[in-house]
């Protein structure tokens, strides 16, 4: 067997293994891009890097070895965008999209033959997705987007108390909308803040007379 071809076979198998290791972590967390997706992503980008190298070799000194491989960066953008879900109150899938982008980059590195660099990079991303994920969840200061819907009795006193609570807890709404009828005011509000602060704010609102929390997530 041609030694060069043997090297390429090894790179493809290595890409499958590395992509699979990262995919296992995603699979255990129930993410849409699991083991097979990450394996295919790493394998595909590795194959394109090998093809890019071979095309450049056949084309001589005028060929660009990075031309085909560079298109992986563009292509992964469309796939990554498909994993991101934007709802009214949150954005989901950013970590999955970033992981796919990273796995594609790993495939290019492996296709180029930089195995040690690929192993170190794979170790770092697995560490980031596991250990740092747990650490992040333990941080009380972790910010997230909160959505709330209030029903406030159409009295001056109830609205004034509600405004005072917002000011007291230093809540800065990102978006706010009001609907008014003869008996009450419906307020939809989004704001970014830590969980501990949010819990305290909602408890204070619950204690107000004439104010009801209809939605909180």
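Just one residue in the set 104, 98 is under 30 Å from residue 147 (Cα atoms), within 17 Å of the chain's Cα centre (by Cα) and modelled with pLDDT of 75 or more; that residue is 98. Scanning segment 1-16 for residues that are without any contact (Cβ under 8 Å) to a residue 60 or more places away in the chain and assigned to a helix (DSSP H, G or I) returns 3, 4, 5, 6, 8, 9, 10, 12, 13, 16. Residues that are closer than 23 Å to residue 93 by Cα and part of a helix (DSSP H, G or I) within segment 17-29 comprise 18, 19, 20, 21, 22, 23, 24, 25, 26, 27, 28, listed in sequence order. Take the conditions in contact with a helix residue (DSSP H, G or I) (Cβ under 7 Å, 6 or more places away or on another chain) and within 30 Å of residue 11 (Cα to Cα) and apply them to residue 165. Does it pass? Against the criterion (in contact with a helix residue (DSSP H, G or I) (Cβ under 7 Å, 6 or more places away or on another chain) and within 30 Å of residue 11 (Cα to Cα)), residue 165 does not qualify.
Beta carbons closer than 7 Å, at least 6 apart along the sequence or on distinct chains, never pair a first residue in segment 168-179 that is on the phi > 0 side of the Ramachandran plot with a second that is in a helix (DSSP H, G or I) and surrounded by 12 or more Cβ atoms within 10 Å (Cβ to Cβ).
Take the residues in segment 167-217 that are assigned to a loop (DSSP other than H, G, I, E, B) and over 33 Å from the mean Cα position of the chain (by Cα), then tell me which one is surrounded by the fewest Cβ atoms within 10 Å (Cβ to Cβ). Selected residue: 182. Within this structure, residue 89 passes the test of being surrounded by 15 or more Cβ atoms within 10 Å (Cβ to Cβ), at pLDDT below 90 and outside any helix (DSSP H, G or I). Only one entry in 131, 122, 118, 105 is without any contact (Cβ under 8 Å) to a residue 40 or more places away in the chain and part of a helix (DSSP H, G or I), namely 131.
Out of curiosity, is residue 152 in the same structural domain as residue 11 (by TED's automatic domain parsing) and surrounded by 11 or more Cβ atoms within 10 Å (Cβ to Cβ)? Judged against the criteria, residue 152 is not a match.
The values are calculated or read from the model by the stated rules, or taken from the named source; none is laboratory data. Computed from a prediction, not measured in an experiment: that's the story for all the values here. Because the Cβ atoms are built from the backbone with ideal geometry, glycine has one as well, and the counts that use them run over all protein chains shown.
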